[in-house]
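What follows is calculated from the coordinates using simple rules that are stated; it is not laboratory data. Quantities reported herein were computed from a predicted structural model and do not represent experimental measurements. All Cβ positions, even for glycine, are placed from backbone atoms using ideal geometry, and neighbour counts span all protein chains on display.
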Amino acid sequence: MRSILEALYCGNIRPEETIVPTDHEYRALNRKISEGMKMWEKKLSATEFSQLEELLDLRSKSGSMQAEASFVHGFQLGALMMTEVYTTRNELVSG
């Protein structure tokens, strides 16, 4: 079995592809989004609907960028916390 670092290096760890929210409202929300998109597709011209899709794609990309930044920040904060724990461990043991 590979170490986590080896798997990460080889690109075998991709949280964005495997994480599915466990909130019970997640699937219902996605269903409402799909229904809303079908409704707007019927109401708008093909050009207008295409523009709406492009706008929503941009919004999705923006949200993904925010999620990535939050993930990185959280990981860095966690690593700093572990560094502090291990650094102060000696003070606690010998004190």
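Using the alpha-carbon atoms, what tilt in degrees (0 to 90, nearest 10) does helix 26-43 show relative to the longest principal axis of the chain?
That helix lies at roughly 30 degrees to the long axis.
By what distance, in whole Å, do the Cα atoms of the chain stretch along each of the three principal axes, largest value first?
73, 30, 24
Give, rounded to the nearest 20 debye, the magnitude of the charge dipole that the chain has about its Cα centre when Lys and Arg contribute +1 at Cβ and Asp and Glu contribute -1 at Cβ. Please list the in-between numbers first.
Working: 11 positive and 14 negative charges, 54 e Å.
Here the chain has a charge dipole of around 260 debye.
Would you mind classifying region 21-72 by shape? Square roots of the alpha carbon gyration tensor eigenvalues, ordered a ≥ b ≥ c; an a/c under 1.5 is rounded, otherwise it is prolate if a/b is larger than b/c and oblate if not. List each step's numbers first, then the result.
Values: a/c = 6.42, a/b = 1.43, b/c = 4.48.
Since a/c reaches 1.5 but b/c is at least a/b, the shape of region 21-72 is classed as oblate.
In the Gaussian network model of the chain, springs joining C-alpha atoms below 10 Å, which of Gly36, Gly11, Gly74 carries the largest mean-square fluctuation?
Checking each option, the largest mean-square fluctuation is seen for Gly11.
Which of the three applies to region 2-50, rounded, prolate or oblate, going by the alpha-carbon gyration tensor with a ≥ b ≥ c and a/c under 1.5 meaning rounded?
Numbers: a/c = 8.71, a/b = 2.26, b/c = 3.85.
Since a/c reaches 1.5 but b/c is at least a/b, the shape of region 2-50 is classed as oblate.
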